[in-house]
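S.K.: First, the structure itself, so that you have it in front of you.
The values are calculated or read from the model by the stated rules, or taken from the named source; none is laboratory data. For clarity, every value in this text was computed on a predicted model and none was experimentally measured. Please note: Cβ atoms are built from the backbone with ideal geometry, for glycine as well, and neighbour counts cover all protein chains shown. Ligands, DNA and RNA are excluded from the accessible area calculation, which covers all protein heavy atoms including side chains. Shrake-Rupley method; radii C 1.70, N 1.55, O 1.52, S 1.80 Å.
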Amino acid sequence: MRIAVIGEFRADRVVDAITRSGHHDLVLLGPTDVADYVGRRARHRHLAASAEPEDLLAVWTEEDVELVIPSLYPVDQEQLLPSLAAAADAWRGPGRHAVVHSTRFADLVTDKAMFHRVALAAGWPVPEAVICDRVEELESAVRRIGGLPVMVKEARSLPRAGRWHVDTEQRLTTLPLTAFPVVVQRVCRGEEFGLELLSGANVTDCWPIASFGPLDQRCIPGHRARLAPIALSPAVITELAGFIRGMTDQFDVCGPWQIDFAVCDGRLQVLEVNGRLSGMADLSAATTGLDPYDAFVDACLGQPRVVPPARRLALELPIRLDAQLPGLPWGVRMRRQFPLPTNRSLPVDFQRLLVTADDPVLLAKWLRDFPPDALLTGSPGQLAAIALEMSPLFTSAGWPRGCPPV
C-alpha cells in the first residue's frame, strides 16, 4: 500500500507503527526532510506548511497515494488541517482513504473565535469571552467580562504564539497583534488538564486525563510538571463526557484530537481543542502501555484497539540543568526527553524527564527527597501529595477510567 504521512511530528513513531503492520511504500510529505532519521523505510517529498487543497490533491495523485495519515508539527503546521480536510473530501473514493477530520471540525479547532461562537450556541462550558474585530474594541471587551486580567488570543494563532496574559491597561494598548479577530477571555484561576482522544467508526476512546498543574501567567504548560492519571470529581467528568458527545455528535471527528481544559471553582472550563495528538502522548503511552501513535496507525489500517486502563503513574518533570536528583528507588523509572528531528518542541534550556512508577507511594517518597529548587516550576511536595491521593484508587485492573468511551 502506498501511504502518505503528512508532516514530520513524531513521524518516527508513525513510520515504526506502519512498518510493524507489514510492507508498505511510504512517502513523507512536509516542509522538513526527516527520511534519513526515520530510516530507509520512507522517502521525503517537500510540501509547504501553507499548502492549499489543490497542492495536496496534485501530490497525492502524482504519488498514487492510497492512504493519507496526518502527523502535523503543532508549532507551524496546525493551520494545514482545513486544507487537508478540503482535499480529503475531494479525493476520497475507491482505493483512496484519508484519516482526516471533517472540514467543519478542522475549521472549528483552528479558529478560536469560531470555536467560542459555536460553544456559546451549544451551551458548552467555556470561559466568558468577547470577540473583537478591531483594536478599538479591546477596552470595551475587557469591561464587559469584568475587567483585567484577561487572556487575549488571536483567532488563528499557533501554539506558543498569538496569546497574551494582560493585567495592565498599558499592556493592553501595546499588544503586538498581527491579525484579527481576537478573543478577549476571562482569566481562569484553577488547574489545567489535558485529554487525548481517538475517534472513528462512531466510537471515541480516550487516554487517562493528565494534570498540567495550576494555570499561570506564562501560559506555557510545557514548563510545568504533568502527571497522569488524575482523578476528577464525578460532576466534572459528567460535564466533560457531555462536551465530548456534543463534539462528536455535531462534527465528523475522524482521527486523533486533544482537549485542554481547566477546573475552576469545581466547574469544567474548556480552554482549547486541537485536531491532533499533543505533547502529552508520552504520558498517555507510559500510563497505559498503548502509544497513541500506535493506536492511531492501527485505526488507519482498519485494526482499531481499545485504550486500556492506566496501570502506572507517569510524570513529566521540567528539571533545571544543574539539579542534583536523588537516586531512583526500585520500581521508579526515568527517561530524559531530548529534542529530535521529529520533535523539535522539546527544550534545550532545561531537562524534561519522563518518570513512571508502579507504586505511587515509592514515587511520592522519591519526590519528597527532591531539592526544593530542582523543578523549573511547581512543588515536588505537591506532586508527591497528588501521587498519594491516586494510590487508594489503584486496583489489580488498573486505575478507573477518567472519562468513559463515548
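S.K.: Among the residues of region 163-174, which ones are of a type outside the set (D, E, K, R) and surrounded by fewer than 17 Cβ atoms within 10 Å (Cβ to Cβ)?
M.R.: Passing the criteria: 165, 168, 170, 173, 174.
S.K.: Take the residues in region 314-336 that are open to solvent by less than 80 Å² (accessible area, probe 1.4 Å) and not in a strand (DSSP E or B); name whichever of them is nearest to residue 347 (Cα to Cα).
M.R.: Within region 314-336, the match that is nearest to residue 347 (Cα to Cα) is 323.
S.K.: Also, I was wondering about something else. Which of the residues belonging to region 19-30 are more than 11 Å from residue 4 (Cβ to Cβ) and either open to solvent by 50 Å² or more (accessible area, probe 1.4 Å) or among the hydrophobic types (A, V, I, L, M, F, W, C) (or both)?
M.R.: 19, 20, 21, 23, listed by residue number.
S.K.: Give region 30-68 a look and list any residue that's charged (D, E, K, R) and in a helix (DSSP H, G or I), or say none.
M.R.: 36, 54, 55, 62
S.K.: Another question, then. Of all residues in region 252-289, which are among the hydrophobic types (A, V, I, L, M, F, W, C), open to solvent by less than 20 Å² (accessible area, probe 1.4 Å) and touching a helix residue (DSSP H, G or I) at 6+ places or on another chain (Cβ under 8 Å)?
M.R.: 253, 257, 259, 261, 268, 270, 273, 277, 281
S.K.: Another question, if that's okay. Looking at 218, 226, 160, can you tell me which residue is of a type in the set (D, E, K, R), under 22 Å from the mean Cα position of the chain (by Cα) and open to solvent by less than 50 Å² (accessible area, probe 1.4 Å)?
M.R.: Result of the check over 218, 226, 160: 226.
S.K.: If you don't mind, another one. Output yes when any residue across region 73-92 is free of Cβ contacts under 8 Å to residues at least 40 places away in the same chain, under 18 Å from residue 254 (Cα atoms) and of a type in the set (D, E, K, R), and no when none is.
M.R.: Yes, there is a match, as at least one residue in region 73-92 is free of Cβ contacts under 8 Å to residues at least 40 places away in the same chain, under 18 Å from residue 254 (Cα atoms) and of a type in the set (D, E, K, R).
S.K.: Being polar (S, T, N, Q) and either under 24 Å from residue 351 (Cβ atoms) or touching a residue at least 12 places away in the same chain (Cβ under 8 Å) (or both), is that true of even one residue in region 276-286?
M.R.: So far as region 276-286 goes, yes, one or more of its residues are polar (S, T, N, Q) and either under 24 Å from residue 351 (Cβ atoms) or touching a residue at least 12 places away in the same chain (Cβ under 8 Å) (or both).
S.K.: Kindly indicate whether any position in region 129-144 is buried (at least 18 other Cβ atoms within 10 Å of the Cβ) and under 26 Å from residue 249 (Cβ atoms).
M.R.: Yes - at least one qualifying residue is present in region 129-144.
S.K.: Which number in (1) in contact with a Ser or Thr (Cβ under 8 Å, 6 or more places away or on another chain); (2) surrounded by 22 or more Cβ atoms within 10 Å (Cβ to Cβ); (3) closer than 21 Å to residue 397 by Cβ marks the one condition that residue 311 misses?
M.R.: Only one criterion is unmet by residue 311, namely (2).
S.K.: Can you work out which of the residues in region 181-223 that are among the hydrophobic types (A, V, I, L, M, F, W, C) and at pLDDT below 95 is nearest to residue 163 (Cα to Cα)?
M.R.: Within region 181-223, the match that is nearest to residue 163 (Cα to Cα) is 219.
S.K.: Here's a follow-up. Give me a count of the residues in region 110-128 that are assigned to a loop (DSSP other than H, G, I, E, B), open to solvent by 70 Å² or more (accessible area, probe 1.4 Å) and farther than 15 Å from residue 185 by Cβ.
M.R.: Going through region 110-128 one residue at a time, the tally reaches 0.
S.K.: Of all residues in region 82-100, which are touching a Gly at 6+ places or on another chain (Cβ under 7 Å) and open to solvent by 10 Å² or more (accessible area, probe 1.4 Å)?
M.R.: 99
S.K.: Just checking, which of 235, 231 is part of a loop (DSSP other than H, G, I, E, B) and under 23 Å from residue 398 (Cα atoms)?
M.R.: Answer to the selection: 231.
S.K.: Any chance you could count how many residues in region 349-406 are of a type in the set (Lys, Arg) and in a loop (DSSP other than H, G, I, E, B)?
M.R.: Residues meeting the conditions: 1.
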